[in-house]
Each structure stands twice: as C-alpha cells, then as structure tokens.
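What follows is one structure encoded as structure tokens, with my remarks underneath.
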Amino acid sequence: MANKATAFLIGWRIEMKKTKIIENIIHGIFLILGLITVASVLLITIYLVIAGIPAIREIGFFKFLFGKNWASTAAEPVFGILPFILTSVYGTAGAIVLGVPIGFFTAVYLSKIATGKMRETMEAAVSLLAGIPSVVYGLVGMLVLVPGIRKIFHVPDGASLLAAIIILAIMILPSIIKVSITALDAVPKEYEEASLALGATPIETYFRVSVPAAKSGIAAAVVLGVGRAIGEAMAVMMVSGNVPNMPSLFQSVRFLTTAVASEMAYSSGLQQQALFSIALVLFFFIMLINVTLNFFMKKEGKEA
Amino acid sequence: MDILLKKEQQINEDDFMEKRVKRQLETKVIRKRKTYEASMKVLMLASTFLTGLLVVFLISYVLIKGIPNLSIEFLITKPSYITEKIGILPDILNTVYIVLATLFIVLPLGVGAAIYLTEYASNKKIVGAIEYAAETLSGIPSIIYGLVGMLFFCQFMGMKTSLLAGAMTLVIMNLPTIMRTTQESLKTVPQSYREGAFGLGAGKWRVVRTVVLPGCVDGVITGCILSVGRILGESAALLFTAGFAHAVNGLLDGLSAPGATLTVALYVYAKEQGEFGVAFAIASILMMLTVLINLAATMVGKYFNKKKN
C-alpha cells in the first residue's frame, strides 16, 4: 500500500517537472517572439551605421554634410548633401505650415461641433485619405498639381518644391486630424462646462479651454506629421523634379528620401556608400523626431 | 440749495458719462468676441469643407480617369512587346503573393509578441524596451526599410531581389501594427476568465491556448486588414527588395523571383514609361481596394463591438 502511494507520488512529481519544463520552453519562445521587435530596431540601426559611416569618413564629415554640390556621376564626383538636407527641412516646414492649420481646425470641428452622421462620414473620409497609396498621390500630383503650378505661376517646369509641399501637406492631414481628435476628445467635460458656466460661448470654450488642455496631444500630432513628411519618398519623387538644386520654391529639388531612391538602382562603390550615408542622416532626423514624439505622448498621458 | 442741485446734476452727468464709456467698452468687447467667434467658425467650416473636398476630388478624379482604361483583357494578360499591349496580371499576382507571404510570417510573430507582453512579461524593463522598439519601428520611413531590407535580406541572407525579400521587409514594417491590435484586444479579455482557468488547474500555456487566444481573434482580424492596406500601398520599401519584373509565376516560384506589386508597377509605368492610362487604371484599382479595406475595417470593428456588448 505504502509502496503504491510512493510510486504514485514519484510519478506525479516527474509529470509536474515535465509540465514545468514545457511551460518554461513556451515562455522562452514567447520571449523570443517579443524581442523580435527590439532585434529589428537594432538590426536597422546597426546596418545603417555600418553601411553609412565609410562614405562619410572618406568624403569628410563637414564636406559631406555641408557641401553644396552633389555630382555623384561626374568624372570627379562631388558628394555634398546640404541641398538635400535643406530641401527636406524646408519641404517639411512648408507642409506643416500648410497642413497643420487645416488639420487643426478640422479636428476641432469634428471633435467638438460635428455630430452623429457628419462626424462619422468625415472620419471615414479622413481614414480613406490615410489609406490612399503614396504613388497615387504622386500620380495625381504629376498630372494635376505640376501643370497647375506651371500655368498659375508661369514657371517653365511645375515639378518643384511647391508641388512637393502641397502633396506632403495633404498626406500629413490624416495623421494630424486623427491624433488631434483623440486628444481633444480626451479633454474632461468638466473643464468645458465650467468655462460655459462662466459665460464663455461654446466656440470660445473650444479654443481657449479645450485646445490648451489638449496641447500636448496636438503637439504630438504635429510631430507625427513632421515624421511622415520627412520620410515620404515616392509621392515626392514624382512631383519634385528630382534635381539636386538648393531649395527654392519654384525649382526642381531633391529630398533626402528621393536622393536615396533615385540613384540606388544603378549605384555602386563610393556613390552607393554615400547613399547609405544619406539614409543614415535621414535616420538620425527620424530618431530625433521619435524622441520628441515620445516626450509629448508621455506628457499627454500624464495630463489625461 | 442751488449749489446742491448743481452738484446733483453734476453727479448725474458724471454717472451718465461713465455709463456711456462703459457701454462703449462693452460693445467693443462684444464686437471683438463676435468677430473672434465668426472667424473661428469660418476657419473651422472652411478647413473641414476643404478636407472633405480633397477626398471627394481625389477619389472621383482617379476613378474617372482610370476606369475607362480598365478591361478584362487588361486584368488577365501580361505585358507583351509583340502586341504592344500592357496587362497587369503579373502585378496582381505578385501583390497577392506578397500579401499572403507577409501575413503568413507576421501573424505568428506579432500575435506571439503581443501574448508575451500581456500574458507572460513580468520584467518592466523588457516590456518597456519592446514597446519602445515597436513605436520606433512604426516611425521609420519605408525607404529606410527598403535599404536595410536590400542589405540584409537580399545581400546578407542571399535572397537576391525577390518577392520573399520584399515580404520579409514588410514583415518588420507590419509587426507593430499586428502587435498593437492584438494587444488591445487581449486587454479586453476579462481577467476573471484567466483566473477561472487557472483555478481549474490549467497551466499557463493551456490558459493562453484555450482562453486568451480565442479572445484576440478580433484584434488579429483588424490587424490583418490594416496590414493588407499598408502592404497594398507600399512602394518605396519594395522597389529595391522585390524589384520590378512583370512575369507570371506560381506562388512558390513567384516568391523566389523578383516582381512588381501594383503600386510599384504604377510608379514604373507613370514615372519611367509615361504610360499614364495604365497608371490611372492601376490607381483606380488601388483606390477601390482602399475604399473596400476601409469599409471592411469599420464593419469588423462595429461587428466585434456589438458582440462584446
């Protein structure tokens, strides 16, 4: 009798150990799956740094970043990417100046005033705007915006920084509107009610109480828009003319993204390495934007 | 007496003047408030109208210009130099292959990561690192994915320029999406279900398999729809990883061969070959798919919301 019980106990113990091992293995598998994102980020960073540093070292840090000329296929190639950096900065700034006010006012209207069907339809429309592929934006830009600019401003070629700015402004609208709406919706009703009770009109309340209360979220929306605009490649490539000029509103320009995309297919040697360096510079900008975005998101989380 | 009367008059006059100034000030303030209000109203309405107009214009312009160029023959043939006609069958197939391959790989990875985060992880530092990494991934522009995909998958892993390399690149891009939607739906699985299962003696893995996984179906489906939308619209990341060939292949041959998806084909036809009719035809297909995907996402969201309540 006693023997049977011990045998059972031993068997049970072995069984338990087995399940425990299996559980641990499964835990390990899930941990690995979870860490894949971290590994991907590391992979991207390491690859870009390894691929991007040699050209910068060979060309020279200042000559590369602040050189005003880019002639990668000339007999004596020159690699200066200041035009690309400035174009990306100006283009993004232009898109923000144009897109943020429109997105902001739309967001306030949709969050605070529009009701029921109206809000639903508009939100669906905004989601649709976000879902349209960038090459479609590029195509429409090529055939509507570029000739339009040529006619209206009487310039020889409409493929210009201005065209890129307008396309980018449209493309960042959905992110700005959506994130701002989320932030504005999260403002406590009590704030607005208190302001109304003190005699402010609804519209004064929205702009002087709700908007300041949601300012971190709206800032996050703007930063997100900056990230989208600086990273966009295909649509910009189709409307900006793609010539490495210093940025000017009515001239063909080349962005950081399009500089990489336009020469990658046929590049080799130092030229290709320089393209990787451009990607590294772009990546640096994106990381800077990510840190800023995180800062505002955290602030928004604390305020809410 | 006279003086007193005069004084009173004076006071009355002063009072009157004061009231008048006050009233003037008030009307000024009211006028200012009114103009402020009106201008804000106009700005809001104009912006919303403009946004709506943009959407309507984009959709109708693309459809009007594209649909006349669509034909059955266009959809089911491949480009031929002999008849000089362009067909987009290979591009459609490539798109389908790349969507299938990407989802097939990204689903287990993304769902697994989400399960780790919500069910297993106890170390806050690891959770923070994973979430931060996911956020970073969703902020990286697709051209950078394309470059790293080319360096890592095509060159280092020896996949060459192929649909599979493109799909792998898209896997990394879509990982955060699947992870986030799954995580969100896992959070709605009531804690008491898990406790009940544990109380009945189930091990962790059993609980995950039988209680948690069925609860995240809605998140997985939403994630899939969003990812399909993103894959359909992606071009910059595929240009250097999947290439732009127009050959008709089966699924398995297709994955190891280079091929253009619809978006890449659109770009090549429009920018490099100037075939705007073809480009608009593809654009109209993409536009219809985008509308469909958006509708599907909303409907799925509504359906699952109803089910939960």
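The values are calculated or read from the model by the stated rules, or taken from the named source; none is laboratory data. The structure displayed is predicted, hence computed values, not measured ones. All Cβ positions, even for glycine, are placed from backbone atoms using ideal geometry, and neighbour counts span all protein chains on display. Side chains are part of the model used for accessible areas, which takes the heavy atoms of the whole protein and leaves out ligands, DNA and RNA. Shrake-Rupley method; radii C 1.70, N 1.55, O 1.52, S 1.80 Å.
Of B:111, B:96, B:29, the residue with the greatest mean-square motion in the GNM of chain B, using alpha carbon springs below 10 Å, is B:29.
Considering only A:53, A:5, A:32, the residue lying farthest towards the positive end of the dipole of segment A:1-131 is A:5, judged by Cα position with unit charges set on Cβ.
For chain B, the spherically averaged projection of the C-alpha convex hull amounts to 30.7 nm².
Farthest towards the positive end of the charge dipole of chain A, among the residues A:164, A:301, A:79, is the Cα of A:301, using unit charges on the Cβ of Lys, Arg, Asp and Glu. For segment A:82-303, the relative contact order comes to 30 percent (Cα pairs under 8 Å, sequence separation of at least 6). Here the dipole of segment A:228-304 is about 180 debye; that uses its Cα centre as origin and unit charges on the Cβ of Lys and Arg (positive) and Asp and Glu (negative).
Annotation for segment B:62-127: trypsin sites (Lys or Arg not before Pro) lying in DSSP loop with at most 11 further Cβ atoms inside 10 Å of their Cβ do not exist. Per 10 Å bin, what is the whole-percent P(r) computed from every C-alpha pair distance within the protein assembly as shown? Pair shares across the bins are 3, 14, 23, 24, 16, 9, 5, 3, 2, 1, 0, 0, 0.
Between residue B:247 and residue B:124, the contour length at 0.36 nm per residue exceeds the Cα-Cα span by 39.4 nm. For segment A:108-195, a Kirkwood hydrodynamic radius built from all Cα pairs, placed in the Stokes-Einstein relation at 4 °C and 1.567 mPa s, yields a translational diffusion coefficient of 84 µm²/s. Would you work out what percent of the accessible area of the protein assembly as shown, with all protein chains in place, is carbon or sulfur (probe 1.4 Å)? Solvent-exposed carbon and sulfur of the protein assembly as shown make up 67 percent of the total. Remark: chain A is approximated by an ellipsoid whose semi-axes, taken from the C-alpha gyration tensor as √(5λ), come to 45, 36, 17 Å, largest first. Shielding of peptide A:230-237 by partners, expressed as the average count of other chain Cβ atoms within 10 Å per residue Cβ, is 5. The dipole here belongs to chain B: it is taken about the Cα centre, uses +1 on the Cβ of Lys and Arg and -1 on the Cβ of Asp and Glu, and is about 900 debye. Highest GNM mean-square fluctuation among B:38, B:260, B:101, for chain B modelled with Cα contacts below 10 Å: B:38. The Rg/Rh ratio for segment A:3-147, using Cα coordinates for both the radius of gyration and the Kirkwood hydrodynamic radius, is 1.29.
Toward the positive end of the charge dipole of segment B:2-68, with +1 on the Cβ of Lys and Arg and -1 on the Cβ of Asp and Glu, the farthest Cα among B:62, B:17, B:44 is that of B:62.
Computed from the C-beta positions of residue B:26 and residue A:288, the FRET efficiency with R₀ = 56 Å rounds to 0.65. Estimated from helices alone, the mean residue ellipticity of chain A at 222 nm is -25000 deg cm²/dmol (sum of -39500 (n - 2.57) over DSSP H runs with n ≥ 4, per residue).
In the context of the full set of protein chains, segment A:2-59 has a per residue accessible area of 71 Å² (1.4 Å probe). Counting only protein heavy atoms and using a 1.4 Å probe, the accessible area of residue A:16 comes to about 100 Å².
Note on chain B: with a GNM built from Cα contacts shorter than 10 Å, the maximum mean-square fluctuation among B:191, B:155, B:183 falls on B:191. Using only C-alpha positions, report the orientation-averaged shadow area of the convex hull of segment B:1-132, nm², one decimal. Convex hull of Cα atoms, orientation-averaged projection: 22.3 nm².
The simple Förster model, with R0 at 45 Å and r as the Cβ-Cβ distance, assigns residue A:86 and residue A:124 a FRET efficiency of 0.75. Note on residue A:74 and residue B:49: their simple-model spin labels are 5.1 nm apart, each label 7 Å out from Cα toward Cβ. Taking a ≥ b ≥ c as the square roots of the eigenvalues of the Cα gyration tensor of segment A:2-59, is the shape rounded (a/c under 1.5), prolate (a/b larger than b/c) or oblate? Note, shape of segment A:2-59 comes out prolate.
Grab the beta carbon distance between residue A:246 and residue A:46, set R0 = 45 Å, and tell me the FRET efficiency rounded to 0.05. E(calc), rounded to 0.05, equals 0.85. Three semi-axes describe the equivalent ellipsoid of segment A:60-105; taken as square roots of 5 times the Cα gyration tensor eigenvalues and ordered largest first, they are 33, 10, 5 Å. A 1.4 Å probe over all protein chains sorts A:92, A:182 by accessible area into A:182, A:92, starting with the largest. Among the residues of B:37-45, the average count of other protein chain beta-carbon atoms within 10 Å of the residue beta-carbon is 5.
Shielding value for A:22-33 is 5, the average number of Cβ atoms from other chains within 10 Å of each residue's Cβ. Here segment B:2-68 is treated with +1 on each Lys and Arg Cβ and -1 on each Asp and Glu Cβ, and its dipole about the Cα centre works out to around 360 debye. Note on residue A:152 and residue B:104: their simple-model spin labels are 4.8 nm apart, each label 7 Å out from Cα toward Cβ. Modelled spin-label separation between residue B:85 and residue B:4, with each label point placed 7 Å from Cα along the Cα-to-Cβ direction: 11.3 nm. With N counted as the residues of segment B:126-209, its alpha-carbon radius of gyration over 2.2 N^0.38 Å works out to 1.54.
Size descriptor for segment B:79-161, Kirkwood hydrodynamic radius: 16.3 Å (Cα pairs only, one decimal).
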